[in-house]
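Data block below; observations after.
Bear in mind that the values in this text are calculations on the coordinates, not laboratory data. Model, not experiment: these values are computed from the prediction. Here the Cβ positions follow ideal geometry from the backbone for every residue, glycine too, while neighbour counts run over all protein chains shown.
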Amino acid sequence: MEEVVRIIYFKLENFLSIYNATGMNEFSFDREKSQNRLILILGANGSGKSSILDELSPLPLEHTNFRNKSRILKDKIGNKIIIYKLDNGVYYKCEIIYDIKKTVCYLSTSIDRETWENLNPNGNVSTYVELLETHLGFSKNYIKVGYLSSAISNFIVMKPTERNEYISEWLPNIDVYLKAHKIVTTK
């Protein structure tokens, strides 16, 4: 059985959308001690809810459609940290630093959230993406579905079986949802 990967900590620093919506340079949450399995993000239109959801991906901005470095406050260094915890108790920290000149990405592991072992000390983005797949089972196809990248030219016109196979990689048992949707739309 595969390990379940949960986000337990999330932090954004100097992201333009968060600053424009809230006036804050930093947004974070730490839910490791929380008994709830749900995070509720409430706010009016334009308050930054979608921006936060967009950034939950461990990939750097340049590696996903519709996102780029201009989403960082001008003349600031942007920073995104996501800490995942696996069922076996091992932590993984994704840290992405957006400097004006270069983006660097680090993946570190820990058993106590105190001492971290950096798995790619050079900060190379390609190595980081490979490590995400190796250590966290993070599939590149998930990103393609989530942001409908150029690899999928027209998701809507795919044959149902193609769409089902493509989506089932990141959402097991999709048939249940598709059948429910069909019932609801016919009623």
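Ranked from highest to lowest mean number of other Cβ atoms within 10 Å per residue, what is the order of the peptides 127-138, 111-122?
Values: 127-138: 17.2, 111-122: 12.2.
With the highest mean Cβ count within 10 Å placed first, the list reads 127-138, 111-122.
Using 0.36 nm times the number of residues separating T115 and K76, minus their current alpha carbon distance, what extension gain do you get? Each step should come with its number before you reach the end.
Values: separation 39, 0.36 × 39 = 14.04 nm, distance 2.77 nm.
So the extension gain works out to 11.3 nm.
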Show me the ranking of peptides 75-88, 17-30 by mean Cβ neighbours inside 10 Å, starting with the highest.
75-88, 17-30
Of the options I100, S28, S50, report the single residue whose Cα projects farthest towards the positive end of the charge dipole of segment 11-127 (beta-carbon charges: Lys, Arg +1; Asp, Glu -1).
S50
